[in-house]
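All remarks here apply to the structure that follows.
The values are calculated or read from the model by the stated rules, or taken from the named source; none is laboratory data. The structure displayed is predicted, hence computed values, not measured ones. Don't worry about glycine lacking a Cβ; one is built from the backbone with ideal geometry, like all the others, and counts go over all protein chains shown. Accessible surface areas use protein heavy atoms only, side chains included; no ligands, DNA or RNA. Shrake-Rupley method; radii C 1.70, N 1.55, O 1.52, S 1.80 Å.
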Amino acid sequence: MKIFSVRWLLVLFVAAVFSLTGTVFAEPVPEIELITTTEAYDPIRYETAFMVAEGWEGLGFQVNVRPMEFSTILDRFYHEQDFDATILGWSGRVERLDPQHFLGTLHGDQADLGANNPGGYVNPDYDNLFEAQMREFDVDARRAMVLEMQAIAAKEAPLDVLYYRDEVNAYNHERFSNFVVMAGEAIYNEWTPLQVEPLTEKTVLTIGTPQEPDTINPLASTSVWGWKFMRLYYDKLVRLSPDIEPVPWAAEELIPVDDVTLDVIVRSGMLFHDGEPVTVEDVQFTFEYYIEKDFAYFRPFFAPIESVEIVDENTVRFHLKEPFAPLVTVTLSQLPILPKHVWADIENPADLTPDQIPTVGSGPFVFDRYDRGEYKRIVTFEDHFSAEDIKIDAVEYRVYADSEGVFTGLITGEIDMTAWRLEPGQIPLAEREEHITVVSVPDFGYYHLTYNLRREPFDDVAVRQALAHLVDKDTIITVLLEGRGEPGTSVIAPINAFWHNPDVVRYPYDPERAREILEEAGYRWDDEGRILFPGD
Amino acid sequence: MYFVLQRLLQAIPVVIGITVIVFSLMYLGGDPVETLLSGVGHITPEDEARFRAELGLDRNPVEQYFSFLTGLPRGDWGFSVQYRVPVRRLILERLPATFELTFAAIAISLLIGLPIGVVSAVRRYSVVDKLSTPVALMGVSMPDFWLGLVLILLFSVTLGWLPGGLRLGFDAARPPMITGFMVLDAILAREWSSMWQALRHLLLPGLALGAPMAALTMRITRSSMLEVIRQDYIIFARAKGLSEWAVVMKHALRNSLIPTITVVALNMGVLLGGNMIIEQIFSWPGLGRLVVDSIRAYDYPVVQAAVLIYALSYLVMNLLADIMYMWLNPRVRT
């Protein structure tokens, strides 16, 4: 016994000496802290973290899953960049259909504290392409660059895009048909009211929602609940088609003059709901007003605009400070046209009380009524150029306390469609109902696992590639999302087909391949199976 | 008179205590600005400072408390962070719906509780009396949210007889908002079908909220009725040869109502404060739902004001019950 322990001491001593000199014994890879949301906040992300950890541990990584409050995660991730690996998501909002925002999350210039690239990925090739695509007006040329950027990012795996989660809505198909399905927004989009067809005497489309607008002031609202309502009674120069292509709307034609100049021919004969004509002065006023009042929510959209000039009675010219490709897809498709004669005298639009907020637009529907907390209604505008195609008389919104109330309203026929994602438990119940159709639409936002590239072992591309091979995304989709989602490949989701690159390098679940990659990079395992950094 | 004055004076420290607690509410979850901004994304320190100053949170807490306190009687109840509207306005918008539901609940509870209570007392040990005790026990012990869910499941989802939420269906014309009471507004607009609809919408939430009170009313009416019936003047009335109906309705019931009224008044305070869950379940656009929404959105000025209103309404109802009891029963007037 005694001899044994002396011998062991000797072994330990030798081991210690060698490991200090670092010649024979390599250092073990430190434990990885994997941050995720609490189960209450998002059970899917919570469970995903444990599945990821299990996969990584299979190859000798030590993983400590740390569920945290959402605001704490945001602090640690964005503001302090104090993390090893974090699971988070980006929601798919219409203006993010343009690749600018999501590609920017890997841009080297955004790697500072608080910015959108907390992982700290920096690649000069990627950054050069990012700046070039932003200034490229030729969409095909821009597309080529966007695809290449995705290929670069996929190869270097600075993050693992885990999955795209479907948006699930439902509607009553006994009352209406011809619902328009749109990426990210499912059926609660700006085209559905324009195209649904009543099947009964009921010509008012009733929408059930669990939320109401923060405000219906177009110079104060910062939520989708405000804008998804307002965009029906305001017009925009461009609307994004159900296939997410920009179609001229209040604009008749868009004529690029050069890289920093765009002419917009405004459709003639349009009227505001108070009977006044829509003119180029109104268009010019709108943009100047937003710029002058510096409405922060839209700031990234109008920031590149130098000035808006009236060329003739039908044409306005946008002068840009520098080329800005998302001008049409984002700026012109998001800012509503405001009537100059209503807004011009309002000095502090953000301070308007609810009674003072103007609701005069020129859109296909006219604002009719809003009882806060309870009810909203818009009615079809007979003088709108799209009025002939609209087959309903009005849209009414009934505000429920939560998604459970909306669901009951749908089942009992009190509403015709839902305006928010059904809970997983409600989906099979809704599918059982004879009068209900469930619509499942892929999202263009994504959930990701981002590594801190400033820390070991994530600074090594081989480790990141191997880790990606150890995540079983198909199981996440089938088990956790019950099939309502798709495994992630790129920050631009497949549903955003024009910009998505389907041919990037993929990392299918393959522990053997992961082991090979690590072995080739010189990693080894100790007797207990723990992974060690490459030694000499 | 002395008694009323005494009760009023006693209420003052309670009110001050309530305002202190309500004011401290926002500090319970840590720094309110941090809490409010946590979901917003990237905030610069300058933004945070501006926001803090806007809310008056850059001053010291005592100063803040006094400006909060002096603002209350002037109608300055703060500004909703979520809706960007004065809190007073938000609350005044929601109060009618809550009052409407409370009145419905009380009406339903009286309609059920009083007759059964009277019959159980007059026909003691009859079938009605024997059934009323277990039913009342059930009524009192059933949690209102559970009852609400069961009512929705049974009468809306399964049978489809009654609406399971909101104040009006899509098939009824919406009257212009005048009083905020849907039934009253419909009457003012002479929209009789809307009025009928509004009443139908009141039925299930009113029942869910009123059931426990109905049971209580029933028990109290019964026992007080039993006591009154034994009194000499009832025997005398009977001896006079009055009809049983006249004896019960004119002589017995009126006197036995004293404790019932006290209970109703007290419960009104409870109902006003206890409507949060029912309003949530039935998507009722009242104060309770506003509070739940505001808690979720960290909209603490709204929560503060609502809690204050709940506390004060309970206090006022309590006071009223005391005064009424004293007025109805001269024996406590000492």
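Observations on the model:
- Based on the reciprocal of the average 1/r between different C-alpha atoms, the Kirkwood radius for the range B:180-334 equals 18.7 Å.
- For the range A:144-156, 3J(HN,Hα) per residue [Karplus equation, 6.51 cos²θ - 1.76 cosθ + 1.60, θ = phi - 60°, Hz, x = Gly/Pro]: 4, 5, 4, 5, 5, 4, 5, 5, 4, 4, 5, 5, 8
- The protein assembly as shown, helix-only ellipticity at 222 nm - DSSP H runs n ≥ 4, -39,500 (n - 2.57), divided by all residues, nearest 500: -14000 deg cm²/dmol
- Using a probe of 1.4 angstrom and keeping all protein chains present, the accessible surface of the protein assembly as shown works out to 45 square angstrom per residue.
- The contact residues of the range B:126-173, meaning those that lose at least 30 Å² of 1.4 Å-probe accessible area when all protein chains sit together rather than their chain alone, are B:VAL157, B:LEU166, B:PHE170.
- Given A:LYS228/A:LYS340; A:LYS155/A:LYS228; B:LYS130/B:LYS250; A:LYS293/A:LYS376; A:LYS228/A:LYS293, the pairs whose alpha carbons are separated by over 30 Å: A:LYS155/A:LYS228
- Built amide H within the under 5 Å cut-off of A:LEU34, gap 5+: A:ASN64, A:VAL65, A:ARG66
- Of the residues B:GLY78, B:GLY148, B:GLY17, the one that moves most in a GNM of chain B with alpha-carbon contacts below 10 Å is B:GLY17.
- Note on exposure: B:ILE16, A:ILE244, A:ILE255 ranked by accessible area (1.4 Å probe, complete protein assembly) read B:ILE16, A:ILE255, A:ILE244, with the most exposed listed first.
- Label sites at B:ALA53 and A:GLN356, each approximated as a point 7 angstrom past Cα along Cα to Cβ, lie 2.2 nm apart.
- Accessible carbon and sulfur surface of the range A:199-290 relative to its total accessible area, %, 1.4 Å: 51
- Taking amide H as placed 1.01 Å from N in the peptide plane, the amide H of A:VAL366 sits under 5 Å from that of A:VAL379, A:THR380, A:PHE381, each at least 5 places away or on another chain.
- To put it simply, the accessible area of the range B:56-125 at a 1.4 Å probe is 68 percent carbon and sulfur.
- The range A:350-447 - share of DSSP beta bridges that are antiparallel (%, nearest 5): 100
- Averaged over peptide A:404-411, the number of partner chain Cβ atoms lying within 10 Å of each residue's Cβ comes to 5.
- Averaged over residues, the count of other Cβ atoms within 10 Å places the peptides A:313-320, A:487-494 in the sequence A:487-494, A:313-320, highest first.
- Residues along the range A:373-396 losing 50 Å² or more of accessible surface when the other protein chains are present rather than the chain by itself (probe 1.4 Å): A:GLU374
- Rounded to the nearest 10 degrees, the angle from helix A:224-233 to the longest Cα principal axis of chain A is 30 degrees.
- Residue by residue along A:412-420, Cβ atoms of other protein chains within 10 Å of the local Cβ number 3 on average.
- Checking every one of the chymotrypsin sites (Phe, Trp or Tyr not before Pro) in the range B:144-205 against DSSP loop status and a limit of 13 other Cβ atoms within 10 Å picks out B:TRP161.
- Summed over both chains, the accessible area lost when B and A associate is about 2700 Å², using a 1.4 Å probe.
- Whole-angstrom gap from the range A:308-373 to the range A:125-177, using each part's C-alpha centre: 28
- Shielding value for B:284-291 is 3, the average number of Cβ atoms from other chains within 10 Å of each residue's Cβ.
- Amide hydrogen proximity for A:TYR375: with H placed 1.01 Å from N in the peptide plane, the residues at 5 or more positions away or on another chain lying under 5 Å are A:VAL399.
- One equal scatterer on each Cα of the protein assembly as shown, no solvent, Debye formula: the resulting log10 I(q)/I(0) at q = 0.04, 0.08, 0.11 Å⁻¹ is -0.25, -0.88, -1.39.
- Basic side chains Lys and Arg get +1 at the Cβ, acidic Asp and Glu get -1 at the Cβ, and with that the dipole of chain B about its Cα centre reaches some 1660 debye.
- Residue-wise HN-Hα couplings along the range A:72-77, as the Karplus relation 6.51 cos²θ - 1.76 cosθ + 1.60 with θ = phi - 60° gives them from phi, are 5, 4, 4, 4, 4, 7 Hz; Gly and Pro carry x.
- Rounded percent of accessible protein surface that carbon and sulfur make up, the range B:185-253, 1.4 Å probe: 64
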